[in-house]
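Colleague: Let me begin by handing over the structure; questions about it come next.
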Amino acid sequence: MRELVLKISMSIDGFVGGPNGEVDWLFGSLDPESTSWIIDTLAGAAVHVMGRRTYQDMAAHWPVSSEPYAKPMNEIPKAVFSRSGGVRPDRSQATKSLQDAEHRLTHEQRSASPEASPSWPSWVGAQVFSDLRAGIAQLKQGTGGYVLAHGGAGFVQSLVAHDLIDEYHLLVHPVAVGSGLPIFSMIPEARHFRLERSISFPKGIVGNVYRPSQLS
């Protein structure tokens with residue numbers, strides 16, 4: 001049975017995006033070692049899951065990117081959670097997060113224009129679920145690698161609130177943003193976690209891997 005793993009970047013004051021979803025603050029602390037760690041996490045998944053807004057951003061971005069993350073992001077199957085039903089790649093619905101991500105790219109890192117975006121089966125053929133609990137339960141019944149969850153904040157808040165995450169991969173960046181989007185704001189009471197491992201990277205990012213734990 002598969003586990004659900006969350007990989008997400010956050011500030012040291014606990015936000016995964018600014019008040020309007022800004023993520024420009026996280027790129028300056030990335031380095032080759034933290035990038036390699038992220039790629040390994042992406043590549044180990046059997047399926048990537050996300051909410052509708054994140055799907056729109058990623059389906060617009062990754063097929064035209066030559067960044068090192070693009071290969072696992074384009075090749076691994078996708079599942080999307082959308083209360084409104086079917087989804088399709090639509091760049092017009094992209095968010096501030098996508099604008100921030102693309103603003104930093106050089107010309108060489110973009111392999112094609114958005115209008116010439118190739119149709120990767122993993123994006124255009126993504127599974128779509130409307131029920132969060134039932135969909136995650138179905139995905140966990142599969143074989144192979146883990147189910148890897150991506151933000152945005154609202155989708156992750158729901159996963160956390162329903163206690164569906166088996167392992168948290170939190171990349172803590174050395175920056176405080178003051179206010180923004182948290183992921184633990186919907187829990188009804190304190191949650192406890194066990195630190196499995198921790199690794200620090202040259203530019204100050206710390207990767208912490210936690211699992212839910214019961215206090216003895």
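Colleague: Highest mean first, what order results for 152-158, 197-203 on Cβ atoms within 10 Å?
Modeller: In descending order of packing, they fall as 152-158, 197-203.
Colleague: Which distance in nm do the two modelled labels at Val175 and Ser84 give, with both placed 7 Å along the Cα-to-Cβ direction?
Modeller: 3.0
Colleague: Taking the Cβ of Arg194 as the centre, find all other residues whose Cβ is under 11 Å away and add up their charges (Lys, Arg: +1; Asp, Glu: -1).
Modeller: Here the count lands on 0.
Colleague: Also: Sequence-distant or interchain residues sharing an amide H contact under 5 Å with Ser65, placed H: which?
Modeller: Here Ser111 satisfy the definition.
Every read-out reported here was derived from the displayed coordinates using simple, explicitly stated rules and does not represent laboratory data. Please read all numbers here as calculations on a predicted model, not as lab measurements. Methodologically, a virtual Cβ is constructed for each residue, glycine included, from the backbone with ideal geometry; neighbour enumeration extends over all protein chains shown.
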